[in-house]
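Quick note: the coordinates plus some simple rules give every number you see, no bench work behind them. It should be emphasised that the depicted structure is a prediction, and the values quoted were computed from it without experimental measurement. A quick note on method: Cβ atoms are made from the backbone with ideal geometry, for glycine too, and the neighbour counts reach across all protein chains shown.
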């Protein structure tokens, strides 16, 4: 039954559009080429519009400086990283993004944001795949940033919250 309806629809469409494929003169061929190009442009425009619309549904990223195509913002960071981050925080706010090479990095410069990440959203941020540079600099994931979620990470988190996020002063 479905194949019968599909066959009837195909026959109807081909009978209405048969003139499209039978160009008898040069004028018909030019009209056919122009219409084909217009349909291709319309289809491409619609696809780009749909993909941009779908991309807008994702959560927006925080603001941040634009980097170079391959190296990102690495050439613009100084030797004192904390000074560079403080300058960028003055421009973009307490949370901003940086492209370091082809990796997107989110930088938090506020103690309240660090508390939110380390205390309230801790399990979400615990399991991340570290890059090779992080494995080397953290002595094979021995710090709180790159260690996987588990008992070792929970002990590091307790120490971090007790020493870094408490109100007591040394």
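Table for the structure above
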| quantity | calculated |
| --- | --- |
| Every residue from region 126-170 that is surrounded by fewer than 12 Cβ atoms within 10 Å (Cβ to Cβ) and part of a helix (DSSP H, G or I) | 132, 133, 136, 151, 158, 159, 162, 163 |
| Number of positions in region 114-135 that are without any contact (Cβ under 8 Å) to a residue 40 or more places away in the chain and farther than 19 Å from residue 104 by Cα | 5 |
| Single match in 98, 74, 68 (criterion: free of Cβ contacts under 8 Å to residues at least 60 places away in the same chain and either more than 18 Å from the chain's Cα centre (by Cα) or closer than 27 Å to residue 167 by Cβ (or both)) | 74 |
